[in-house]
Number of protein chains: 2
Amino acid sequence: MTYRMPPTRQRFVLTLLLGLLLPAMALADAPLASWNDGPAKSSIVAFVHAVTDPGSKHFVPPPERIAVFDNDGTLWSEQPAYFELMFAFDEIKRNAPRHPEWKTTQPFKAVLENDHKALSAAGMNGLLKIVGATHTGMTTEAFDDAAKTWLSQARHPKTGKPYTEMIYQPMLELLDYLRSQDFKTYIVSGGDTAFMRAFADRVYGIPPEQVIGTTFVTAFQYQDGHALIQRTAKLAHNDDGPGKPESIDAIIGRRPILAFGNSDGDLQMLQWTAAGTGQRFMGLVHHTDAKREWAYDRSSSIGKLDKALDEANQRGWTVVDMATQWRRVYPGDAPEPELVQ
Amino acid sequence: MTYRMPPTRQRFVLTLLLGLLLPAMALADAPLASWNDGPAKSSIVAFVHAVTDPGSKHFVPPPERIAVFDNDGTLWSEQPAYFELMFAFDEIKRNAPRHPEWKTTQPFKAVLENDHKALSAAGMNGLLKIVGATHTGMTTEAFDDAAKTWLSQARHPKTGKPYTEMIYQPMLELLDYLRSQDFKTYIVSGGDTAFMRAFADRVYGIPPEQVIGTTFVTAFQYQDGHALIQRTAKLAHNDDGPGKPESIDAIIGRRPILAFGNSDGDLQMLQWTAAGTGQRFMGLVHHTDAKREWAYDRSSSIGKLDKALDEANQRGWTVVDMATQWRRVYPGDAPEPELVQ
């Protein structure tokens, strides 16, 4: 028994269906709305099609679709200093009343007095003392609380925004796009793992078990049914440079097929990704946008991009020129007109 | 327009549907077929219902359904010695031609001559030398190859089975059952992470990124587009005892709601799990089955279960009496008749 619609009715139903389907199709076709139709977006889309199309010779099964992202300078801003360092400075000030000795001891004195010159003079060793004093010597729970409280209250000195609103809208869209194509998205970054976990799930949709970073040795303590994990001052893993492929291997145990960074500290992660078999995607965010964000690369003390930029250019990796490839930077920004390149 | 079936036809269709549906429903109701209807199975099922029923006050959202399992003695057998140690002994023999000095150096000499007395005398220090010589000083790729080759060829001295067939059928069913209820299943074990990854995905359905174990420091090396990761002899993390909650926190970053072990080395992982808020499941496999597997606990040098057994009994954790709770042990065994308890 078959029911045949009259021809006029057929046309009406077809129009209705198209009206319903076309906007949805357009959306599905535009998963990277804050990216201009330029070379960066094209290379991303071409790669994703190649590895997800079951008919493609470059097809990668979903469990092997591992994508790794640096955090500072790749998913959120990192100027005028790593945001985690701003947290550490604020924590020194917050905890100063319980540490009267800091008033007279460097590098703490420099932080309390906003003495940039003395802080610079304290160098890397001074910074490590500040990180140690604010990141260790407490339980994992207390550290998580401190990080979350700071993230909810602190504002960036230049933009006045909460730090978690200085994340890159185009990169959020890239994370979403990859996940919609059955990629598993990881952070692999020099930041403290626990600090990044305090916001990564809420802000990037990246759950704690997909956040890999620098870690300190911890110590399990137990008494009468009460358990805690104490953060000690001993560094367990420095997740920078060669530490990135090392932690990827130790924790994920699979080689990524896509890696995104923005500095020389990401070079080894990109090399490790590139050296695998099959099609791979290696990307660098190039900070070229002094107007909407910051412009810096080869000579910057933060997020220095020099060797990795040379290697990317030599080997044809995707270098994302922020000024021309991104229609907006932060989620709160109005998108600029589409620029077809 | 509605079509009404004649009553006799209705009954026929109903019977047909019931005939099709009932066996399927019975299967769905029996996810732990190799477990007797005893206290262990009941406590598992009651826990899973409590945390997965959206109407339950103990409901846990899927992303937080983290389940952790020890490996040796919990997911597969561990007698007469940890299987990974059997691998190490075989590797010493395989590599001996390239190490003529081993013929005259302990503890290697003892392994080559099957000299159990000398091996015992070499103690823990001797074992560490054997593990070092067979687990480090090669690339991650070469180690993975060696482990996979051994697993495919070696046979257990007592059962004659491949080691990967000496996994526990009831635990495989438990892993499947938990995953069907949106749990994420992890291994957290004293074994070398890379050794366990060589079979965990294929044998347990646990992917590399959900295998946590003991690790050595690795070193990324790169030249002219060729990248490798070298395994060094320096221990990075000993994933036993307090090392288990420490690695769970470092790598997963969430507290498990279910933990399963079989020895005192799992006690801290069980304590950490138990000390969380809400409903929790803590389980121990108790090796009571000399006939089908092995019987050992308080005085065993391998898989010693003493303090954890006391604490489990005191605190009402689930102790799985292998002899009475499991209808079969290995996948190749015929199931014993259902024992309703």
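The values are calculated or read from the model by the stated rules, or taken from the named source; none is laboratory data. Model, not experiment: these values are computed from the prediction. We place every Cβ from the backbone using ideal geometry, glycine too, and count neighbours over all the protein chains shown.
Got at least one residue in segment A:175-198 being charged (D, E, K, R), in contact with a Phe, Trp or Tyr (Cβ under 9 Å, 6 or more places away or on another chain) and within 14 Å of chain B (Cβ to nearest Cβ)?
If we filter segment A:175-198 for residues that are charged (D, E, K, R), which is where we start, we get A:176, A:179, A:182, A:184, A:192, A:197.
Imposing the further condition that a residue be in contact with a Phe, Trp or Tyr (Cβ under 9 Å, 6 or more places away or on another chain) reduces the set to A:192.
Still in the running and within 14 Å of chain B (Cβ to nearest Cβ): A:192.
Scanning segment A:175-198 turns up at least one residue that is charged (D, E, K, R), in contact with a Phe, Trp or Tyr (Cβ under 9 Å, 6 or more places away or on another chain) and within 14 Å of chain B (Cβ to nearest Cβ).
Taking the stated definitions as given, is A:Leu284 within 14 Å of chain B (Cβ to nearest Cβ) and crowded, with 21+ Cβ neighbours inside 10 Å? Working first, answer last.
Details: within 14 Å of chain B (Cβ to nearest Cβ): no; crowded, with 21+ Cβ neighbours inside 10 Å: yes.
Judged against the criteria, A:Leu284 is not a match.
Going by what's in this entry, would A:Phe195 be described as over 11 Å from the mean Cα position of the chain (by Cα), closer than 29 Å to A:Ala46 by Cα and buried (at least 22 other Cβ atoms within 10 Å of the Cβ)? It would help to see each step written out before you state the result.
Numbers: over 11 Å from the mean Cα position of the chain (by Cα): yes; closer than 29 Å to A:Ala46 by Cα: no; buried (at least 22 other Cβ atoms within 10 Å of the Cβ): yes.
Criteria not met by A:Phe195.
Would you tally the residues in segment A:245-271 being farther than 23 Å from B:Gly191 by Cα and either in contact with an Asp or Glu (Cβ under 8 Å, 6 or more places away or on another chain) or more than 9 Å from every other protein chain (Cβ to nearest Cβ) (or both)?
Here the count works out to 15.
Which members of segment B:308-322 meet the condition of being surrounded by 17 or more Cβ atoms within 10 Å (Cβ to Cβ) and of a type in the set (S, T, N, Q)?
Residue satisfying the conditions is B:Thr318 alone.
Can you confirm whether segment B:49-63 contains a residue that is in contact with a strand residue (DSSP E or B) (Cβ under 8 Å, 6 or more places away or on another chain) and β-branched (Val, Ile, Thr)?
Within segment B:49-63, none of the residues are in contact with a strand residue (DSSP E or B) (Cβ under 8 Å, 6 or more places away or on another chain) and β-branched (Val, Ile, Thr).
Could you list all residues from segment B:255-295 that are hydrophobic (A, V, I, L, M, F, W, C) and in contact with a Leu (Cβ under 8 Å, 6 or more places away or on another chain)? Full working, then the answer.
Restricting attention to segment B:255-295, the residues satisfying the condition of being hydrophobic (A, V, I, L, M, F, W, C) are B:257-260, B:267, B:269-270, B:272, B:274-275, B:281-282, B:284-285, B:290, B:294-295.
Within segment B:255-295, B:Leu258, B:Ala259, B:Phe260, B:Leu270, B:Phe281, B:Met282, B:Leu284 meet the criteria.
Collect the residues in segment B:284-309 that are under 21 Å from B:Pro242 (Cβ atoms), within 17 Å of the chain's Cα centre (by Cα) and assigned to a loop (DSSP other than H, G, I, E, B), keeping them in residue-number order.
B:Ile302, B:Gly303, B:Lys304, B:Leu305
For segment B:88-96, check the following and say yes or no: at least one residue is surrounded by fewer than 18 Cβ atoms within 10 Å (Cβ to Cβ), modelled with pLDDT of 95 or more and assigned to a loop (DSSP other than H, G, I, E, B).
No, the conditions are met nowhere in segment B:88-96.
Just give me the residues in segment B:116-173 being in contact with a Lys or Arg (Cβ under 8 Å, 6 or more places away or on another chain) and on the phi > 0 side of the Ramachandran plot, in sequence order.
B:Gly137, the sole residue that qualifies.
Suppose we filter segment A:233-244 for residues that are touching a Phe, Trp or Tyr at 6+ places or on another chain (Cβ under 8 Å) and either facing chain B (nearest Cβ under 7 Å) or on the phi > 0 side of the Ramachandran plot (or both); how many remain?
1
When you check B:Leu151 against the structure, is it assigned by TED's automatic domain parsing to the domain that holds B:Thr134 and surrounded by 15 or more Cβ atoms within 10 Å (Cβ to Cβ), yes or no?
Taking the combined requirement at face value, the residue satisfies it.
For segment A:38-67, which positions are of a type outside the set (D, E, K, R), free of Cβ contacts under 8 Å to residues at least 12 places away in the same chain and part of a loop (DSSP other than H, G, I, E, B)?
The answer is A:Pro54, A:Gly55, A:Ser56, A:Phe59, A:Pro61.
All but one of (1) assigned to a helix (DSSP H, G or I); (2) surrounded by fewer than 18 Cβ atoms within 10 Å (Cβ to Cβ); (3) free of Cβ contacts under 8 Å to residues at least 40 places away in the same chain hold for A:Asn114; state the number of the condition that does not hold.
Going through (1) assigned to a helix (DSSP H, G or I); (2) surrounded by fewer than 18 Cβ atoms within 10 Å (Cβ to Cβ); (3) free of Cβ contacts under 8 Å to residues at least 40 places away in the same chain one by one, A:Asn114 breaks only (1).
From A:Ala26, A:Ala50, grab the single residue that is of a type in the set (Gly, Ala, Ser), at pLDDT below 95 and over 22 Å from the mean Cα position of the chain (by Cα). Talk me through it step by step, then tell me what you get.
On the way: A:Ala50 fails: at pLDDT below 95.
Just a single option satisfies the conditions, and that option is A:Ala26.
Considering segment B:200-222 alone, what residues qualify as being farther than 25 Å from A:Gln268 by Cα and either crowded, with 20+ Cβ neighbours inside 10 Å or more than 13 Å from every other protein chain (Cβ to nearest Cβ) (or both)?
First pass over segment B:200-222, keeping only residues farther than 25 Å from A:Gln268 by Cα: B:200-206.
Scanning segment B:200-222 gives B:Ala200, B:Val203, B:Tyr204, B:Ile206.
Tell me whether segment B:153-163 contains one or more residues that are hydroxyl-bearing (Ser, Thr, Tyr) and away from chain A (no Cβ under 14 Å). First the steps, then the outcome.
Quick first cut of segment B:153-163, residues hydroxyl-bearing (Ser, Thr, Tyr) only: B:159, B:163.
Filter once more, keeping what is away from chain A (no Cβ under 14 Å): B:159, B:163.
Yes, segment B:153-163 has at least one match.
Testing A:Asp70 on (1) in the same structural domain as A:Ser42 (by TED's automatic domain parsing); (2) farther than 30 Å from B:Gly205 by Cβ; (3) in contact (Cβ under 8 Å) with a residue 12 or more places away in the chain; (4) surrounded by fewer than 20 Cβ atoms within 10 Å (Cβ to Cβ), one condition comes back false. Which one is that?
(4)
I want to confirm something. Restricting to segment A:246-255 and keeping residues that are touching a residue at least 60 places away in the same chain (Cβ under 8 Å) and assigned to a helix (DSSP H, G or I), which single residue is nearest to the chain's Cα centre (by Cα)? Give the derivation first.
From segment A:246-255, those touching a residue at least 60 places away in the same chain (Cβ under 8 Å) are A:248, A:252, A:254-255; that's our starting set.
Next cut, assigned to a helix (DSSP H, G or I) only: A:248, A:252.
Numbers: A:Ile248: 15, A:Ile252: 17 Å.
Here the answer is A:Ile248.
Assess whether A:Gln325 counts as being buried (at least 21 other Cβ atoms within 10 Å of the Cβ) and polar (S, T, N, Q). So that I can check it myself, show each step before the final result.
Numbers: buried (at least 21 other Cβ atoms within 10 Å of the Cβ): yes; polar (S, T, N, Q): yes.
For A:Gln325, the condition - buried (at least 21 other Cβ atoms within 10 Å of the Cβ) and polar (S, T, N, Q) - is met.
Does segment B:125-151 hold any residues that are under 26 Å from A:Gly276 (Cβ atoms) and of a type in the set (Ser, Thr, Tyr), and which are they? Even if it seems obvious, please write down each step before you answer.
Filtering segment B:125-151 down to residues under 26 Å from A:Gly276 (Cβ atoms) leaves B:135-151.
Result: B:Thr136, B:Thr139, B:Thr140, B:Thr149.
Taking the residues in segment A:130-148 that are within 24 Å of A:Tyr222 (Cβ to Cβ) and among the aliphatic types (A, V, I, L, M) as candidates, determine which candidate is surrounded by the most Cβ atoms within 10 Å (Cβ to Cβ). Step through it out loud before you land on a result.
To start, the set of residues in segment A:130-148 that are within 24 Å of A:Tyr222 (Cβ to Cβ) comprises A:135-146.
From what is left, the residues that are among the aliphatic types (A, V, I, L, M) are A:138, A:142, A:146.
Numbers: A:Met138: 15, A:Ala142: 13, A:Ala146: 21.
This residue is A:Ala146.
Of all residues in segment B:223-232, how many are more than 8 Å from chain A (Cβ to nearest Cβ) and either modelled with pLDDT under 95 or under 19 Å from A:Glu311 (Cβ atoms) (or both)? Even if it seems obvious, please write down each step before you answer.
First, pick out the residues of segment B:223-232 that are more than 8 Å from chain A (Cβ to nearest Cβ): B:223-224, B:228, B:230-232.
Remaining after also requiring either modelled with pLDDT under 95 or under 19 Å from A:Glu311 (Cβ atoms) (or both): B:223-224, B:228.
Residues meeting the conditions: 3.
Residue by residue, here is whether (1) buried (at least 18 other Cβ atoms within 10 Å of the Cβ); (2) in contact with a Pro (Cβ under 6 Å, 6 or more places away or on another chain); (3) not aromatic (Phe, Trp, Tyr) holds:
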residue: A:Lys234; (1), (2), (3): no, no, yes
residue: A:Asp240; (1), (2), (3): yes, no, yes
residue: A:Ser247; (1), (2), (3): yes, no, yes
residue: A:Gly253; (1), (2), (3): yes, yes, yes
residue: A:Asp306; (1), (2), (3): no, no, yes
